[in-house]
């Protein structure tokens with residue numbers, strides 16, 4: 001979403017698009033994060049919710065489910081101060097609504113894309129949970145009761161962030177675990193917009209793991 005980092009390739013929110021090169025080196029907390037990434041990528045269904053921590057409002061939601069043949073159905077809704085975006089795809093047809101304009105494609109059309117367990121959608125794969133160890137300049141792990149908090153401070157020169165508006169000045173990722181289970185993670189971008197400092201912080205939660213029964217089209221389709 002964004003030029004979003006997280007959730008989705010066409011998203012429209014003011015979050016990073018991380019383009020830095022992956023490197024094999026680990027940093028503090030890496031083993032837990034890698035386990036969480038693998039666990040997410042193995043799910044048959046889930047609902048990913050991205051909440052603006054300042055407003056408490058859900059600004060992005062991605063829901064997916066594989067059928068018995070491994071074909072992916074998914075829906076996405078996202079919005080920002082300037083944009084809105086929705087998409088539905090069941091492997092055979094797709095609907096996209098961008099700022100009120102609806103596009104319909106079917107399998108065989110030039111720009112149609114279908115996804116499966118063998119050809120995963122980027123947001124149904126481990127890349128949803130950001131981890132680029134070669135781009136982390138500072139890392140720390142702290143314990144608070146039964147919760148493990150991992151903090152990663154990313155090097156902007158390596159990740160080359162893009163925002164919907166303004167210029168990023170810092171980016172942090174924070175992960176919260178109970179034992180080996182990822183409870184949620186946050187992505188925080190500090191930026192300058194029209195010469196003023198601004199902070200975008202989003203909480204990402206993975207819900208309804210392996211319990212999504214149906215993917216519904218969020219776009220109103222006129223007959």
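The values are calculated or read from the model by the stated rules, or taken from the named source; none is laboratory data. Here the structure is a predicted model, which is why all the values come from computation and not from measurement. Counting neighbours? That spans all protein chains shown, and the Cβs are built from the backbone with ideal geometry, glycine included.
Taking the conditions exactly as written (in contact (Cβ under 8 Å) with a residue 12 or more places away in the chain, touching a strand residue (DSSP E or B) at 6+ places or on another chain (Cβ under 6 Å), under 24 Å from residue 79 (Cβ atoms) and crowded, with 16+ Cβ neighbours inside 10 Å), does residue 175 satisfy them or not? For residue 175, the condition - in contact (Cβ under 8 Å) with a residue 12 or more places away in the chain, touching a strand residue (DSSP E or B) at 6+ places or on another chain (Cβ under 6 Å), under 24 Å from residue 79 (Cβ atoms) and crowded, with 16+ Cβ neighbours inside 10 Å - is not met. The set of residues in the stretch 123-133 being assigned to a helix (DSSP H, G or I) and in contact with a helix residue (DSSP H, G or I) (Cβ under 7 Å, 6 or more places away or on another chain) consists of 126, 128, 133.
Matching residues to (1) in contact with a strand residue (DSSP E or B) (Cβ under 6 Å, 6 or more places away or on another chain); (2) closer than 21 Å to residue 222 by Cβ; (3) assigned to a strand (DSSP E or B); (4) touching a residue at least 40 places away in the same chain (Cβ under 8 Å):
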| residue | (1), (2), (3), (4) |
| --- | --- |
| 58 | yes, no, yes, no |
| 62 | yes, no, yes, yes |
| 68 | no, no, no, no |
| 72 | yes, no, yes, yes |
| 78 | yes, no, yes, yes |
| 82 | no, no, no, yes |
| 86 | yes, yes, yes, yes |
| 94 | yes, yes, yes, no |
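For the stretch 157-190, residues that are under 19 Å from the mean Cα position of the chain (by Cα), within 19 Å of residue 28 (Cα to Cα) and not in a strand (DSSP E or B) total 1. Kindly evaluate residue 165 against the criterion of being surrounded by 14 or more Cβ atoms within 10 Å (Cβ to Cβ), touching a strand residue (DSSP E or B) at 6+ places or on another chain (Cβ under 9 Å) and in contact (Cβ under 8 Å) with a residue 60 or more places away in the chain. Against the criterion (surrounded by 14 or more Cβ atoms within 10 Å (Cβ to Cβ), touching a strand residue (DSSP E or B) at 6+ places or on another chain (Cβ under 9 Å) and in contact (Cβ under 8 Å) with a residue 60 or more places away in the chain), residue 165 does not qualify.
Would you say residue 193 is without any contact (Cβ under 8 Å) to a residue 60 or more places away in the chain, surrounded by 14 or more Cβ atoms within 10 Å (Cβ to Cβ) and over 18 Å from the mean Cα position of the chain (by Cα)? When the stated conditions are applied, residue 193 passes them.
Just to be sure, is residue 46 modelled with pLDDT of 95 or more and not in a helix (DSSP H, G or I)? Answer is yes for this residue. When you check residue 138 against the structure, is it in a loop (DSSP other than H, G, I, E, B) and at negative phi, yes or no? No. Residues of the stretch 105-116 that are loosely packed, with under 12 Cβ neighbours inside 10 Å and outside any loop (DSSP other than H, G, I, E, B): 106 alone. When each of 200, 184 is tested for being surrounded by 15 or more Cβ atoms within 10 Å (Cβ to Cβ), farther than 27 Å from residue 102 by Cα and in contact (Cβ under 8 Å) with a residue 24 or more places away in the chain, the lone residue that passes is 200.
Scanning the stretch 145-156 for residues that are in contact (Cβ under 8 Å) with a residue 12 or more places away in the chain and assigned to a loop (DSSP other than H, G, I, E, B) yields 146, 155.
In the stretch 208-221 there is no residue that is surrounded by 16 or more Cβ atoms within 10 Å (Cβ to Cβ) and assigned to a strand (DSSP E or B).
Residues considered: 44, 109. Of these, the only one that is more than 30 Å from residue 160 (Cβ to Cβ) and within 18 Å of the chain's Cα centre (by Cα) is 44.
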